[in-house]
């Protein structure tokens, strides 16, 4: 079941931070990889809203960390745009690609700088330092 924008109940619940509803829908077989008309996924919408608890749950149930929307933006990029440091950390811990680029060649770090999202920049810096060790 989808609305006119192609959004499923799982996509709506993820966007609005409704963890109990997300759990119920996933337990009853909702497709974690379902997409809306613009390529948005439950993980992408939860990331954009900074709902790190939902992000964690979706990752545990097989959500693809680097599945992008039509503009090539990944969940990590949306979390960076919103200055959602805890969500960025959750995505990186799950294995999100810090080097992924959207259709205009921006990375999550580029978007964090653009939005002056200093908390996210710090999380990304720390992750890069760990990768270099």
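Computed from the coordinates by the stated procedures, all read-outs in this text should not be read as laboratory data. Source: prediction; values computed, not measured. Here Cβ is always computed from backbone atoms with ideal geometry, including for glycine, and neighbour counts include all displayed protein chains.
Over the chain, Cα pairs under 8 Å with separation of 6+ residues give a relative contact order of 19 percent. In percent, rounded to a whole number, the relative contact order of the stretch 44-93 is 47, using alpha-carbon pairs under 8 Å and six or more apart. Along its first, second and third principal axes, ordered by size, the stretch 9-132 spans 41, 26, 22 Å in Cα coordinates.
For 130, 115, the sequence from fewest to most other C-beta atoms within 10 Å is 130, 115. Sorting 128, 54, 59 from the fewest to the most surrounding beta carbons within 10 angstrom yields 128, 59, 54.
Note on the chain: GNM, Cα springs under 10 Å; of 33, 70, 121, the largest mean-square fluctuation is that of 70.
Think of it as helices only: each DSSP H run of n ≥ 4 in the chain is worth -39500 (n - 2.57), and spread over all residues that comes to -15000 deg cm²/dmol at 222 nm.
Spherically averaged projected area of the convex hull of Cα atoms, the stretch 1-77: 4.3 nm². Rounded, prolate or oblate: which fits the stretch 78-122, taking a ≥ b ≥ c as square roots of the Cα gyration tensor eigenvalues, rounded meaning a/c under 1.5, else prolate when a/b beats b/c? Verdict is oblate for the stretch 78-122.
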